[in-house]
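Nothing in this text is a laboratory measurement; each read-out follows from the coordinates by a stated rule. In this text the structure is predicted, and so the values were computed from the model without any measurement. Every residue, glycine among them, receives a Cβ derived from its backbone with ideal geometry; neighbour counts consider all protein chains shown.
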Amino acid sequence: MKRLAVLAAAALAAGAAPLAAQYPPPSNPAGVTPIGGQRLHDPNAEVEAQRMPTPGGPPDRRPMAPSKDAARPGAQRVSDADGASVDAILAALYASVSHDEGASPNWERMRGLFLQVGMLIPPKNPRSDLFTVLDVDGFEQRVRESIASSKAKGDPTSFFEKEVSRRTDCFGNVCQIFSTYESRRAPADEKPFVRGINSIQLVNDGHRWWIASVAWDQERPDNPIPPQYLPNSVPSEYLKKN
């Protein structure tokens with residue numbers, strides 16, 4: 001009886017082999033994603049899956065505040081003092097991006113200002129349909145490439161940016177800042193070579209302020225800065241009351 005069962009199973013397997021060979025069971029190799037009963041091959045899926053942020057966000061690459069024993073000669077110390085207030089964190093942001101000829105922005109200090117998922121969004125390229133969204137690493141790469149290009153052309157690479165006017169709206173642990181800036185090649189230059197507005201979103205974790213995002217646009221002939229965002233402007237609320 002047992003022998004008959006074995007022979008029957010073997011015969012069934014032999015009869016099913018051609019069908020199984022013609023319609024092999026679906027597999028799920030890397031880069032194959034089931035969509036509506038179909039399979040879409042994406043050769044980059046495995047690489048992208050490895051880069052996919054975890055539910056808790058991407059790895060935190062912000063520098064830790066150094067201990068007394070970890071101070072490095074000549075290094076800018078990263079301190080929670082930069083996030084102690086709205087004034088402090090904005091001053092630190094402008095200081096971190098400013099630098100002399102032959103130097104670079106203070107990337108370590110800048111990383112200490114942003115959330116681990118903090119974003120920088122430059123003005124949109126008019127020839128593109130998409131915005132460029134960067135983290136501090138991406139912004140660093142973009143600036144380094146720009147500095148290298150300027151050096152190759154013999155153009156100046158120094159950069160000093162300062163805030164000249166600010167509009168602030170805060171509620172609880174969130175703040176929205178419209179910070180009007182001027183950029184110069186040297187602090188003593190009479191006129192800036194560019195002006196614009198940084199839209200800065202801040203959040204407070206109960207201990208200090210962090211930058212969640214910075215989006216900005218530059219002043220152009222067809223995009224002048226409105227008077228209310230310039231220094232010594234009269235607030236619109238005052239004009240309405242008087």
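Check residue 165 against each of (1) touching a residue at least 12 places away in the same chain (Cβ under 8 Å); (2) over 16 Å from residue 86 (Cβ atoms); (3) outside any loop (DSSP other than H, G, I, E, B) and name the one condition it does not meet.
(2)
Given (1) under 15 Å from residue 214 (Cβ atoms); (2) buried (at least 18 other Cβ atoms within 10 Å of the Cβ), identify the lone condition not met by residue 106.
Failing condition for residue 106: (1).
Can you confirm whether residue 132 is under 27 Å from residue 223 (Cβ atoms), under 22 Å from the mean Cα position of the chain (by Cα), among the polar types (S, T, N, Q) and in a strand (DSSP E or B)?
Numbers: under 27 Å from residue 223 (Cβ atoms): yes; under 22 Å from the mean Cα position of the chain (by Cα): yes; among the polar types (S, T, N, Q): yes; in a strand (DSSP E or B): no.
For residue 132, the condition - under 27 Å from residue 223 (Cβ atoms), under 22 Å from the mean Cα position of the chain (by Cα), among the polar types (S, T, N, Q) and in a strand (DSSP E or B) - is not met.
Mind counting the residues in segment 176-225 that are in contact with a helix residue (DSSP H, G or I) (Cβ under 7 Å, 6 or more places away or on another chain) and among the charged types (D, E, K, R)?
1
Give the number of residues within segment 179-206 that are hydrophobic (A, V, I, L, M, F, W, C), surrounded by fewer than 17 Cβ atoms within 10 Å (Cβ to Cβ) and assigned to a strand (DSSP E or B). Even if it seems obvious, please write down each step before you answer.
So the first thing to find is which residues in segment 179-206 are hydrophobic (A, V, I, L, M, F, W, C), and the list is 186, 188, 193-194, 197, 200, 202-203.
In the following step, the residues that additionally are surrounded by fewer than 17 Cβ atoms within 10 Å (Cβ to Cβ) were identified as 186, 188, 193-194, 203.
Retained after the next criterion (residues that are assigned to a strand (DSSP E or B)): 194, 203.
Residues meeting the conditions: 2.
Which residue pairs have Cβ atoms closer than 8 Å, lie 6 or more positions apart in sequence or on different chains, and pair a first residue in segment 85-112 that is hydroxyl-bearing (Ser, Thr, Tyr) with a second residue that is in a loop (DSSP other than H, G, I, E, B)?
96/105; 96/106; 96/113; 98/105
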